[in-house]
Amino acid sequence: MAQTPKRAIAVKRRRKRKTGPAVYVMIVALFLALLIFFYWLAAQYYTGRFPNKTTINGVDVSNMTESNAVAALNRQVQEYTLTIAERDGVTEVIRARDIDLAYDDTGDVFRLLEQYSPALWVTYYFTEDALTASEDTTYNQTKAEQEIADLDCFSPLYVTKVQDASLQKNDDGFYIQAEEQGTELDEEKTTQLLLNALTTHQTEVDLDAEGCYLTPTVYQDDETLNENLEIINGWLKAEITYDFEDGRLEVADNTVIKDWIVQQEDGTYAIDYDLVFDWVKTTLAYQYDTFGLTHVVTTHSGETLTLTGGDYGWCIDRPTTTEALHGGRGGGSGGHAGTRLPLHRPGAGSGRHRRHLRGGQHRRPDHVVLQGL
């Protein structure tokens, strides 16, 4: 029997109401399946990877595998530089690439990774982890030592030698030259300090603060140095004038005496006998000695005669004059002033002689001893 239109519509409505819940169930089931599937995919992705928002030693290793994390830590090491602060505001730098510096993975990265479960990746997504691993590094020891040796602070071109305070001579006499700190380094100590700094990842080293520079052993306030200067100044106060009684004068003052003063092997100062003798010889004797030389004389009659040889004339007594000036190791002239007549040596074993000419004839020489001190 054929259904009426109204009945057919009612049947369709009843069928529709019966199939509605099943569709919803299917949709929910499909959504859950997809969710589980994507969760599983994410878990697979995070297997062997660090979770999101994870750092190791300050380096972001989010979503990285172990090898990628090690590479990231190594890149951080490659940015390392050691700045060396030197005197006079000078700085030098040693870079990681100069010494083949690299991160030394001792297995810490793997152990840190193992603490994470891939199935719990979603719980890590909303937290931040700041992890710490070993910061061990390796570098090429030979390259590091060579890099240090090549620093300008070791180069003779740039190093100022350390100098002790000392007595120096100028035109007026002696003075104390102050010590010079210089920029000379204790090479062994400095090298070891810099190698340790590289090993411990220090970023700056102050060589002066670390006591790496050599220091003077004698300073300008040194007691012995000042005592020596006082002694020398006493010698330089002397002023000895030699009067040759004809208007000719020779003076031994500070400008002369300063050149006689020498430093001995034991560090003390003395007036050098040989230098005094040389002055007596060249300044006095060579200029004023006439003994044994050719003499041109005029007789009473006005005749001019040339006399050669003979045991007459002036002759400075060099050893005695030197002794008078030197006065022993300390310098006998120190602090004294006065005028002296030159000391003359007896000539030819018969004292000093002079010859008188009368009428062009030689008389017997009279014995004359020349005056000395």
field: Cβ pairs under 7 Å, 6+ apart, first in segment 262-282 and over 22 Å from ASN228 (Cβ atoms), second open to solvent by 50 Å² or more (accessible area, probe 1.4 Å)
entry: PHE277/ARG318; VAL280/ARG318; LYS281/ARG318
task: Filter segment 237-254 down to residues that are open to solvent by 20 Å² or more (accessible area, probe 1.4 Å) and either under 17 Å from ASP172 (Cα atoms) or charged (D, E, K, R) (or both), then give me how many there are.
output: 10
query: Right, LEU198: touching a Cys at 6+ places or on another chain (Cβ under 9 Å) and open to solvent by less than 80 Å² (accessible area, probe 1.4 Å) or not?
result: no
- request: Taking only segment 48-84 into account, find how many residues are farther than 23 Å from ALA144 by Cα, open to solvent by 40 Å² or more (accessible area, probe 1.4 Å) and part of a helix (DSSP H, G or I).
  value: 3
- line: Scanning segment 182-192 for residues that are in a helix (DSSP H, G or I) and open to solvent by less than 40 Å² (accessible area, probe 1.4 Å), the one nearest to THR160 (Cα to Cα) turns out to be THR190
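A quick yes/no check of all residues on (1) of a type in the set (Gly, Ala, Ser); (2) in contact with a strand residue (DSSP E or B) (Cβ under 8 Å, 6 or more places away or on another chain); (3) within 25 Å of GLU135 (Cβ to Cβ); (4) free of Cβ contacts under 8 Å to residues at least 60 places away in the same chain:
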| position | (1), (2), (3), (4) |
| --- | --- |
| SER166 | yes, yes, no, yes |
| GLU179 | no, yes, no, yes |
| LEU194 | no, yes, yes, no |
| ALA197 | yes, yes, yes, no |
task: Among the residues of segment 103-132, write down those that are touching a helix residue (DSSP H, G or I) at 6+ places or on another chain (Cβ under 6 Å) and either open to solvent by less than 40 Å² (accessible area, probe 1.4 Å) or in a helix (DSSP H, G or I) (or both).
output: TYR103, VAL109, PHE110, LEU113, PRO118, ALA119, TRP121, LEU131
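The values are calculated or read from the model by the stated rules, or taken from the named source; none is laboratory data. Nothing here was measured: the structure is a model prediction, and the numbers come from that model. Backbone-built Cβ (ideal geometry, glycine too); neighbour counts: all protein chains shown. Accessible surface areas use protein heavy atoms only, side chains included; no ligands, DNA or RNA. Shrake-Rupley method; radii C 1.70, N 1.55, O 1.52, S 1.80 Å.
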